[in-house]
Amino acid sequence: MAIVLRYVDNKGFIQERFFDHVHVKDTSSSTLYSSICATLTSYKLVVENLRGQRYDGASNMHGEWKGLQALFLKDYQCAYYIHCMAHRLQLALVAAAREVDYIHEFFGNSSFIVNAVGASCKRQDELQASQAAEIAEMLESGETETGKGANQIGTLKRVGDTRWSSHFTSISSLLRMYNPTCTVLENIKKAGSNYKTRGDASTTLKRMTSFEFVFILHMMKQVLGITDVLCQALQQKSQDIISAMAMVSHTKKLIETLRDDEWGSFLDDAMEFCKMHDIGIPEFKDPYFEGRSNRKGGFITTEHHYHFDIFNETVDFQLQEIDSRFNERVVDLLQLSAALDPKEGYKNFNSDFICKLAKKYYYLDFTVQEIDV
């Protein structure tokens, strides 16, 4: 276990130094807790003076009840835990995606598509040739315009769980290269090297050309398009706390607006795409059957399924995760701490905020008389 200390030196400058490398028998939170305390004590550092914690996103580290940060907070009430904001957001969105069965299955299918199409140089050549043919046809018909950087031929992008922006990039590339990807899968279906390859391509092509897949593809691009701006901003080293918190609030409002006001326009876009690509659109007033009606004790319409079971549920999980990870205490602590930010000659200096910070969060460091003065 690597231990890094962040502290203020006797000249008032913030320092961050590698401190020690400790062998641990396991990575349970209790073992890590006792090892850190023992190490600090052995160097005559008072654990009670700990005022902050930062770890990765593993459950044994950030767990609300039994995580390492919770154990420290239980014994040392001013050792507040602040997770990396960019990573915090990415974890929130990944967790939200996995909570909705349809979205989890969608990402499994889209990953298979990306891997299948990019499995060999031959298939990538087929994808690029199909893109070139499609672009030439669109230029000839006037459906697209020429210009610097326009009509680029690319490849499908893979996703990574710890980099949520990669999900947005992957979704965008799949939507942009939808027809060429279908063409490659059709070729694999007809001329695959063995029955398994042909069968997998056939099954994947059916899923990809279904209304549900296209619906979720458009939905996730819209949701990720909103959150990707915040993801990118939080990773900038120059981002200040006040702006970051304002962007979190703004992102939440945009997601809420998508949920409450933009269902109709979103559905129109998804249906228009289906019409352009000859994908069957279900009758939204018809009952929806997938075993769900039995569990709910009655039938549900197809519109209810797509609107509430997929669209609203996905957006709601996004909002819940953001609220959970950017909770009120973390946001308040960061906003108050911004009063001490030395940037631009302490432009955010606020004596009331500093007093509130001392009284509410660091009351062990000051007497009542010092705070009142």
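Against the main long axis of the alpha-carbon atoms of the chain, helix 241-261 sits at an angle near 40°. Largest mean-square fluctuation among Asp323, Asp352, Asp200, in a Gaussian network model of the chain whose springs join Cα atoms under 10 Å apart, belongs to Asp352. Computed in the context of the full set of protein chains, the accessible area of region 191-262 at 1.4 Å probe radius has 49% of its extent on carbon or sulfur. How many angstrom lie between the Cα centre of region 185-201 and the Cα centre of region 216-246? Centre-to-centre (Cα) distance: 39 Å.
Summarising the amide proton neighbourhood of Thr301: residues at separation of 5 or more, or on other chains, whose placed amide H is nearer than 5 Å comprise Tyr288.
Counting 0.36 nm for each residue step from Tyr55 to Glu303 and taking away their Cα separation leaves a gain of 85.0 nm. Calculated FRET efficiency, Trp65 to His23, Cβ-Cβ distance, R0 = 22 Å: about 0.25 to the nearest 0.05. Excluding ligands, DNA and RNA, the accessible surface per residue across the chain is 57 Å² with a 1.4 Å probe. Rg over Rh for region 201-269 works out to 1.15, both radii taken from alpha-carbon positions and Rh defined as the Kirkwood radius. Compared with the dominant principal axis of the Cα atoms in the chain, helix 195-208 is inclined by about 80°.
Among the listed pairs Lys11/Lys359; Lys157/Lys253; Lys11/Lys44; Lys74/Lys347; Lys11/Lys343, which have their C-alpha atoms separated by more than 23 angstrom in this model?
Listed pairs above 23 Å: Lys11/Lys359; Lys157/Lys253; Lys74/Lys347.
Treating each Cα of region 315-373 as an identical point scatterer and summing with the Debye formula, the log10 of I(q)/I(0) at q = 0.17, 0.18, 0.27 Å⁻¹ comes to -0.67, -0.71, -1.03. The calculated FRET efficiency for the pair Met276 and Ser111, based on their C-beta separation and a Förster distance of 25 Å, comes to about 0.50.
For the pair Glu283 and Trp263, a Förster radius of 22 Å applied to the C-beta separation gives a FRET efficiency near 0.80, rounded to the nearest 0.05.
Rounded to the nearest 10 degrees, the angle from helix 351-360 to the longest Cα principal axis of the chain is 90 degrees. Here the simple spin-label model places points 7 Å from the Cα toward Cβ, and for Thr41 and Ile14 these points are separated by 3.0 nm.
If the segment from Gln369 to Cys84 were pulled out straight at 0.36 nm per residue, it would be longer than the present Cα-Cα gap by 99.1 nm. Taking amide H as placed 1.01 Å from N in the peptide plane, the amide H of Tyr81 sits under 5 Å from that of Gln53, each at least 5 places away or on another chain.
Between Ile354 and Gln235, residue separation times 0.36 nm minus the direct Cα-Cα distance comes to 40.2 nm.
Computed from label points 7 Å out along Cα-Cβ, the spacing between Ser34 and Val331 is 3.9 nm. The fraction of Cα-Cα pairs per 10 angstrom bin, counted from 0 for the chain, comes to 4, 18, 24, 21, 15, 12, 5, 1, 0 percent, rounded to whole percents. With all projection directions averaged, the alpha carbon convex hull of region 297-341 covers 4.6 nm².
The values are calculated or read from the model by the stated rules, or taken from the named source; none is laboratory data. Everything numeric here is computed off the predicted structure, so don't read it as measured data. Heads up, the Cβs are rebuilt from the backbone with ideal geometry, glycines too, and the neighbour counts pull from every protein chain shown. These accessible areas exclude ligands, DNA and RNA; they are computed on the full protein's heavy atoms, side chains included. Shrake-Rupley method; radii C 1.70, N 1.55, O 1.52, S 1.80 Å.
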